[in-house]
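The values are calculated or read from the model by the stated rules, or taken from the named source; none is laboratory data. What you see is a predicted model; the values in this text were computed from it and never measured. Note that each Cβ is placed from the backbone with ideal geometry, even for glycine, and that neighbours are counted across all protein chains shown. Each accessible area value is taken on the protein alone, full model and side chains, heavy atoms only, with ligands, DNA and RNA left out. Shrake-Rupley method; radii C 1.70, N 1.55, O 1.52, S 1.80 Å.
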Amino acid sequence: MKIPLLDLKAQLESLRNEVIPALLSVVESQHFIMGEAVGKLETEVARLSHARFGVGCASGTDALLLSLKALDLKPGDEVITTTFTFFATAGAIHNAGGRPVFVDIEPGTFNLDLDQVEAAITSRTRAIVPVHLFGQMVPMERLLALASGHGLAVIEDAAQAIGARQRVKGEWRMAGELGTTGAFSFFPSKNLGAWGDGGMIVTQDAALATRLAKLRTHGGAKEYDHEEVGFNSRLDTLQAAVLLAKIPHLTEWNAARRSRAACYTEGLAGVNGVTAPVTHPDNEHIFHQYTIRAERRDELQGHLKAGGIGTKVYYPKPLHQQSCFGYLRYPAGRFPQAERAAREVLSLPVYPELSDAACEGVIDAIREFYA
Ligand SMILES: *Cc1c(COP(=O)(O)O)cnc(C)c1O
C-alpha cells in the first residue's frame, strides 16, 4: 500500500463540483483583485475565529509581517518566539525590523516554554510570537498575563492552527481570538489550503484592522494617497473563492484529523522506541501534523519509505542554528529540547481522507521496525 504524507488529490475529488464553479464565477466577473470573495472570506474567517475583523493578505508569512510592521519596531526592539518552528515566524520578525529572541520548547507539546518566555523579557521586548505548532494552541491565559504585565503585543502564529481551540476559564477560545492579531496561512498543505498562496490576519481591534488593510495596499486607504509606505500583499480573489468553497468543511476535516491521530496514538501505545505527541487537556488539537518522537528516527524513516509510506521531519534544524541568524550568537546546545526534538521528530501521514486501513498500515510498519 502506498501512503503519501499528504494526498491533496483525494480532497480535490470530493470538492471539484463546489470549487470549479466558484472559480469560474470569478473568471466571469474578471474582478481578480479584491473581488467579492475576499470580503466574504474575511467575514467567514473572522466569524470562525471569534474575531471582529479579518484582513486577507498574500500569505501566512505576510500575515505575520504586516502584524509586526504595525508595531512600528525600532532598531534593537526584541520579539520573543520559539526556535522550533517554520522559518517564516522568525524571518518575519527580522524583516519587520525586530531582533528575534528565541526560547526553547516544552518537550511534550513542542510548543514554546512559557517559563523561558518570562525569563527572556527585557526592557527592549516589544512582542511575543507564540506559534500554535502542529495545530495545538500555546497556553493563552498565562501567555496573555505575561504579555499584559509587560505591555507586550501578542502576534499568534496560527498558520497551522485555523479552527483549533482552547478552554480558557471554562470557555472555548479560538486560535487567533485572544492575541493582538492572529496570523493564518492558506498554503495548499495547511488545514484550510488554497490552490496557491494566501493568508489572513484576524483582530478584535478596529483601528489595527484599518491600519493592516492599509499596509497591505501600499499604505494608503485611498488610491494614490499614501500616508505610509506599505506593501502589495492582497489575497487573490481566485484563492478567496477556493477557500470560501472549502471553509464550510473545515470543522469536519479537523475532527477527522483528530480521529486519525487517535488511531495512531492507540496503535502506537506500548511500542518501545516511539513517543506519541501530548495534547494538553484544555486543547482541541487539529493535528496539522501528527508528530512522534522516534528512536533511530532516520532508519525508521527509511524503513517506512521502503514500504511506500511518506513521512517528513518538521523541523530538522532549529532556527537559532540557521546561518542567517548567526548574528544573534546563540551557541550550539543553547536550546537542548529543540535540538533534541530536531533529532527525534517524525511526522506521519495525517489528513481527513486517510483511511483506517492506511492508518493501520502505518502503525504495522512502525511496529515491524521496532519488533
Ligand atoms: C506555513 C507557515 C507559515 C507561513 O505561511 P505561508 O503561507 O507559507 O507564508 C508561518 N508560520 C508557520 C508556523 C507555518 O507553518
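Looking across Ile121, Ile155, Ile162, one residue alone is at pLDDT 95 or above, open to solvent by less than 50 Å² (accessible area, probe 1.4 Å) and over 15 Å from the mean Cα position of the chain (by Cα). It is Ile121. Considering Ala175, Ala159, the condition of being over 11 Å from Pro130 (Cβ atoms), in the same structural domain as Leu212 (by TED's automatic domain parsing) and touching a residue at least 12 places away in the same chain (Cβ under 8 Å) is satisfied by Ala159 alone.
Yes or no, residue by residue, for (1) farther than 30 Å from Val350 by Cα; (2) part of a loop (DSSP other than H, G, I, E, B); (3) in contact with a helix residue (DSSP H, G or I) (Cβ under 8 Å, 6 or more places away or on another chain):
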| residue | (1), (2), (3) |
| --- | --- |
| Thr210 | yes, no, no |
| Ala213 | yes, no, no |
| Leu238 | no, no, yes |
| Val242 | no, no, yes |
| Pro248 | no, no, no |
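Taking the stretch 161-207 as the range and being part of a strand (DSSP E or B) and within 13 Å of the ligand (Cβ to nearest atom) as the test, the residues that pass are Gly182, Ala183, Phe184, Ser185, Gly199, Met200, Ile201. Of all residue pairs spaced 6 or more apart or on separate chains, those with beta-carbon atoms under 8 Å, a first member in the stretch 111-140 that is free of Cβ contacts under 8 Å to residues at least 24 places away in the same chain and a second member that is more than 12 Å from the ligand (Cβ to nearest atom) and not in a strand (DSSP E or B) are Gln116/Asp104.
Residues are listed down the side, and each one gets a yes or a no for (1) open to solvent by 70 Å² or more (accessible area, probe 1.4 Å); (2) in contact with a strand residue (DSSP E or B) (Cβ under 8 Å, 6 or more places away or on another chain); (3) closer than 23 Å to Leu250 by Cβ:
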| position | (1), (2), (3) |
| --- | --- |
| Ala276 | no, yes, no |
| Gln289 | no, yes, yes |
| Ile309 | no, yes, no |
| Ser323 | yes, no, no |
| Gly326 | no, no, no |
| Gly333 | no, no, no |
| Arg343 | yes, no, no |
| Ala357 | no, no, no |
